[in-house]
């Protein structure tokens, strides 16, 4: 673990991604403590305040401080995205592993069905699921998890099949190891790395989806401070107060870049045959 | 006579993160018109870098720090990139090691010769097509017209290599570089490609630079042999003299490492007690498309036995089912037929059988779990079969590795060291029979010799029997007591080593023997 | 490409559409919506509601309802919109045609930019251009469409006044105006695709450049353009075809957002409106048509792949 972290921080992408995400994590943890205002406190005299000494990042159409909303908003976007990815990865990994081990017709049937589900765009699945569950953060979270599961199942399956072909698995069978031991001691450590890399990159996706669902009105609901919702709110005032869309938009982008960079860095760091 | 290729004092460095590495150190050599110079060296000796330096296609981090390369009167190192592209292919042709990867998979074989003719001889497409077809006939390919329209994956390895040779010879170059052109081919196919090379050489009078790791092979095709070690040419001699009186220690080791059938490494005869008996072993790979089985082919109706402490060799070309047999005996694939261990039929592969029969695979990169340290790799079989982790240092010493290696990861070991760890892992179970599936195929000749010596030492100590699978007939004739010859998944011959060459062997075995010649100057003693 | 392969591929496509139909129908069953209430409004009398429910077959068992719907779909009848009272099928297909214009333009722009960009980055690996392309592609894959779209609007429409803000003008009616209205949405949709495909093209090109056959082609003394086009690109493009086909799924999702923001009356917007209004027949039709589009594109990509890669031709 320490070793992987050391190698991760040595790759340029990994180091940059980790730095970006460290800031995001700090904001998630301590954002409300350092926020200068209550994010929902309206101030009709300060409507559309230009970024400056009073409001570092300006104020919105209701006079709410943009900076405070941004700091609070991290919690509404990033942790649910992480959770949704985790849930989707777990569900997908279970199905994918089962398919790989069942083999034959079961494998064929499961994978063809997953291919079929993937014909529906992920955003559409998320939209439909979120609307069935009713608008709100919980619904959006579950919707993203469900949208991710088929893709993760596919990846897990192909990784499991590739690892199964390795001679060290054959060597374990030949020396009479139990099935459980082969799966957990020989295959899992090698199969884990690609799945971890893929799901890290998918967190970036989840952050974007989470915000998109809020933007479309099926995620977080007003007056919550959520980044996607903030962009949606600010859209009406593009001409007079462009910072209302630029600031939360960049926050989403930077967070997503962080996860994308971290994922690429992990890909290099987790390669056991890599140089050191 | 002025040399065609003249290299003087060539020095080449690679800049890497950990500093400058010298890959060619003051290399001087010359090739006269019509002469073939062989270059022998083990991996990392700088053979390929030398070829790339001549071709003027060095990696971005390479720096020529000294020396000249002359082709006729032209200094190749001083050519512009543009001029160099008129020399490559046109005046210097090249044939690569693996025809499966050196031909473009999405172009027909014909087009890959035609494009050279169009480029270098200025032929029109139609004329080039006819010329290319006639070249395919010259490299002894039948149905040339049809082959021209085929894609690489639709041709056999031998056919592909002949196409590659045709595209190197078609522009009528003065010099052809051969980079291990038969290494990726089967023994008999490789021997026929060599025959072709000799014939083309006689017909065209082309000069050649023949690079290989195989001293025995180079000595047969080259007029002179240069031995490379760590970027230097340490010796350059006539083939016969290299074998008769090598001047350098390193050359001596290489010469000794060439397997010679007459040089038996095992003198004893095995006990008469039967250890394992296999009857009518068959394996068939159905259409299991999802678990793509590697290129292993099925086997049918194999029957043989191994005695206590016997070394039973198995030879055959790729696809003959050798590895499938190994996997069937190790219980890795479903089989039909009966296996008896010391007379007791084996119904399911239980602990006793697994303990008694161990397997070592060809590629240690794949057979050692990259996420386990050497101590973890060795601890498992010890735990399973009643040893303790305290035995790990002993186990390592047995395979001539220092005990400190216990804390290393597989990727920190060299190829030979990895294979020794794999052997130690097999011996941790104190097996009666070890299946060795091409375990030296990916190793250098000198490392192969050391590994074989290690196996024989372990056998002396424990009386272990080996099922030794290889494509190298000469190697197996040095150590095996008996030989199984496989072809297309069946057993064509089963013969004692001493009986080989007496006329009692199968016709196919005789072909294999003819394709595996012994070193020059030593033929008479076969 | 054998007939058996094609048949199998077509059967798979039929299976895909069947699974999607079941899934879409199941989700619309769970949606908290009462079709009768949606159609008659909140203050309809209970008697009227009951009569309509019976007429719509809402009392039937679920599988029977599915069968009625599915057999109608097979005849090309997607039902009547609960919101507008018009047949859903023709409405959705008209919307699809507008979306396809947007999709085809975006895909073409993407191909024209992403492929050369990826190849150039691979050829200049580690240099400034490569890093710049890498940076742009990180941005592209990290900005959701609604952010990109909004930023495009702020810059091109509001600050620079180069483009009209939103709206849709059919290019068939007014060519120039139609194109001007398409620029911003096409830019938005293609940015993500450019980012993704150029990254893919770069890594494929790097792999092919390291292959033996490219080295061999170079050492045969072939001219650099020949090596690049005939040996490098020909092989590097193959895997990119299937990635582009998979990206079409992503593109269809992105279209929902982009059409909403730019007020383009395409299938994405129609779906969003249907979801917001719980217009079940419209949701079913829209989702099914989107999935069918994706399936057809992937079938075409598979065929293209099989034609271009001789190794698969007889698979």
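Derivation of every value follows stated rules applied to the coordinates shown; laboratory data play no part. Keep in mind that what you see is a predicted model, and the values were worked out from it rather than measured. Positions of Cβ are backbone-derived with ideal geometry, glycine not excepted, and every protein chain shown enters the neighbour counts.
Would you please classify the overall shape of chain C from the alpha carbon gyration tensor, given that a ≥ b ≥ c denote the square roots of the eigenvalues, rounded means a/c under 1.5, and beyond that prolate means a/b larger than b/c while oblate covers the rest?
Details: a/c = 3.01, a/b = 1.65, b/c = 1.82.
In terms of gyration-tensor shape, oblate.
Calculate the spin-label point distance for residue B:351 paired with residue B:404, positioning each point 7 Å from the Cα along the beta-carbon direction, and give it in nanometres.
3.8
Determine how many Å³ per residue the convex hull of the Cα atoms of segment C:49-176 encloses.
Details: hull volume 28.9 nm³, N = 128.
That works out to 226 Å³ per residue.
Sorting check: for B:411-418, B:469-476, which peptide has the highest mean count of neighbouring beta carbons within 10 Å, and how do the rest follow? The partial results should precede the final answer.
Details: B:411-418: 16.6, B:469-476: 21.6.
Taking the mean over residues of other Cβ atoms within 10 Å, the ranking is B:469-476, B:411-418.
Over all Cα pairs of segment A:149-200, how is the pair count split among 5 Å bins, expressed in % and running from 0 up to the last occupied bin?
4, 21, 29, 21, 14, 8, 3, 0
Quick one: angle between helix A:243-269 and the longest Cα principal axis of chain A, in degrees between 0 and 90, rounded to 10, please.
Tilt relative to chain A: about 20 degrees.
First obtain the Kirkwood hydrodynamic radius of segment C:117-158 from its Cα pairs, then insert it into the Stokes-Einstein equation at 25 °C and 0.890 mPa s, and state the resulting D in µm² per second as a whole number. Before the final figure, lay out the partial values.
On the way: Rh = 11.6 Å.
Estimated diffusion coefficient is 212 µm²/s.
Neighbouring Cβ atoms within 10 Å as the yardstick, rank B:456, C:11 fewest first. Don't jump to the answer; show the numbers that get you there.
Details: B:456 16, C:11 11.
Ranked by crowding around the Cβ, least crowded first: C:11, B:456.
Expressed as a rounded percentage, what relative contact order does chain C have, with Cα pairs under 8 Å and six or more residues apart?
Values: 344 pairs, mean separation 87.5, N = 315.
Across chain C, relative contact order equals 28 percent.
What do you get for the angle between helix B:109-121 and the principal long axis of chain B? Use alpha-carbon atoms, 0 to 90 degrees, nearest ten.
Helix B:109-121 sits at roughly 30 degrees to that axis.
What average count of beta carbons from other chains do you get within 10 Å of the Cβ of residues in A:214-221? It would help to have the intermediate numbers written out before the result.
Details: counts 1, 8, 7, 4, 3, 0, 0, 0.
Per residue, the number of nearby Cβ atoms from other chains is 3 on average.
Of B:54, C:113, how do they rank once you tally other Cβ atoms within 10 Å and put the fewest first? Working shown, then result.
On the way: B:54 22, C:113 16.
Arranged by neighbour count, lowest to highest, B:54, C:113 become C:113, B:54.
Per residue of B:88-95, what is the mean number of Cβ atoms on other protein chains within 10 angstrom of that residue's Cβ?
Numbers: counts 5, 7, 2, 1, 2, 3, 5, 1.
Per residue, the average neighbour count from other chains is 3.
Hey, what did segment B:5-257 get for relative contact order, percent, Cα under 8 Å, at least 6 apart?
27
Divide, for segment A:2-274, the radius of gyration over alpha carbons by 2.2 N^0.38 Å, where N is the residue count. Write out the running numbers ahead of the final one.
Values: Rg = 21.9 Å, N = 273, 2.2 N^0.38 = 18.5 Å.
With N residues counted in segment A:2-274, Rg over 2.2 N^0.38 Å equals 1.18.
For the pair residue B:149 and residue B:64, what calculated FRET efficiency results from E = 1/(1 + (r/R0)^6), where r is the Cβ-Cβ distance and R0 = 41 Å, to the nearest 0.05?
Using R0 = 41 Å, I get an efficiency of 0.45.
Rounded to the nearest 0.05, what FRET efficiency do residue B:305 and residue C:304 give with R0 = 51 Å and r taken as the Cβ-Cβ distance? Could you check?
Numbers: r = 56 Å, r/R0 = 1.09.
Taking R0 as 51 Å, the efficiency between residue B:305 and residue C:304 is 0.35.
Would you kindly state how much longer the chain becomes between residue B:32 and residue B:488 on full extension, computed as 0.36 nm times their sequence separation minus their alpha carbon distance, in nm to one decimal? Don't skip to the end; give the middle numbers.
Values: separation 456, 0.36 × 456 = 164.16 nm, distance 4.42 nm.
Value of the extension gain: 159.7 nm.
Antiparallel as a % of all DSSP beta bridges within chain B, to the nearest 5? Please report the intermediate quantities before stating the final value.
Working: 43 of 80 bridges.
About 55 percent, rounded to the nearest 5.
Tell me, in nm to one decimal, what length is gained between residue B:230 and residue B:199 on full extension, where the rule is 0.36 nm per residue of separation less the Cα-Cα distance? Walk me through the numbers on the way to the answer.
On the way: separation 31, 0.36 × 31 = 11.16 nm, distance 3.32 nm.
Once the chain is fully extended between residue B:230 and residue B:199, it gains 7.8 nm.
Would you mind putting B:271-281, C:169-179 in packing order, based on average other-beta-carbon counts within 10 Å, highest first?
B:271-281, C:169-179
Can you give the Rg to Rh ratio of the protein assembly as shown, both from alpha-carbon atoms, with Rh computed by the Kirkwood formula? Numbers along the way, then the final one.
Working: Rg = 34.6 Å, Rh = 33.9 Å.
Rounded to two decimals, Rg over Rh is 1.02.
Treat each spin label as a single point 7 Å out from the Cα along the C-beta direction, and report the residue B:82 to residue C:243 distance in nm.
So the two model labels end up 3.5 nm from each other.
Which FRET efficiency, nearest 0.05, do residue C:66 and residue A:6 yield, Cβ-Cβ r, R0 60 Å?
Working: r = 56 Å, r/R0 = 0.93.
So the FRET efficiency works out to roughly 0.60.
Hey, got the average number of other protein chain Cβ atoms within 10 angstrom for residues in A:243-255? Walk me through the numbers on the way to the answer.
Working: counts 1, 1, 7, 4, 0, 2, 9, 3, 1, 5, 10, 3, 1.
Counting other chains' Cβ atoms within 10 Å and averaging over A:243-255 gives 4.
As a test, work out the antiparallel percent of DSSP beta bridges whose residues both lie in the protein assembly as shown, rounded to the nearest 5.
Working: 45 of 82 bridges.
Counting only bridges with both partners in the protein assembly as shown, antiparallel ones make up about 55 percent.
What shape does chain B take by its C-alpha gyration tensor, where a ≥ b ≥ c are the square roots of the eigenvalues and a/c under 1.5 counts as rounded, a/b above b/c as prolate, and the rest as oblate?
On the way: a/c = 1.91, a/b = 1.56, b/c = 1.23.
It comes out prolate by the Cα gyration axes.
When a footprinting reagent is the concern and you count Cβ atoms within 10 Å, what order do B:169, B:178 take, fewest first?
B:169, B:178
Relative to the longest principal axis of the C-alpha atoms of chain B, give the angle of the C-alpha long axis of helix B:374-384, reported between 0 and 90° and rounded to the nearest 10°.
Result, in degrees: 30.
What shape does segment B:186-239 have by the C-alpha gyration tensor, where a ≥ b ≥ c are the square roots of the eigenvalues, rounded means a/c under 1.5, and otherwise prolate means a/b greater than b/c and oblate the rest? Each step should come with its number before you reach the end.
Values: a/c = 2.57, a/b = 1.52, b/c = 1.69.
The shape class here is oblate.
Just order A:109-122, C:76-89 by mean Cβ neighbour count inside 10 Å, highest at the front, would you? If you can, show how the numbers build up before the last one.
On the way: A:109-122: 20.4, C:76-89: 16.9.
Taking the mean over residues of other Cβ atoms within 10 Å, the ranking is A:109-122, C:76-89.
List the relative contact order of chain B as a percent without decimals, with contacts defined as Cα pairs under 8 Å and 6+ residues apart. It would help to have the intermediate numbers written out before the result.
Working: 1020 pairs, mean separation 79.8, N = 526.
That works out to 15 percent.
List, largest first, the extents of the alpha carbons of segment B:274-515 along their principal axes, each in whole Å.
51, 38, 37
If I model a spin label at residue B:156 and residue B:142 as a point 7 Å from the Cα along the Cα→Cβ vector, what separation in nanometres do I get?
Result for the modelled spin labels: 1.0 nm.
Whole angstrom only: what separates the Cα centroid of segment C:101-149 from the Cα centroid of segment C:47-100?
41
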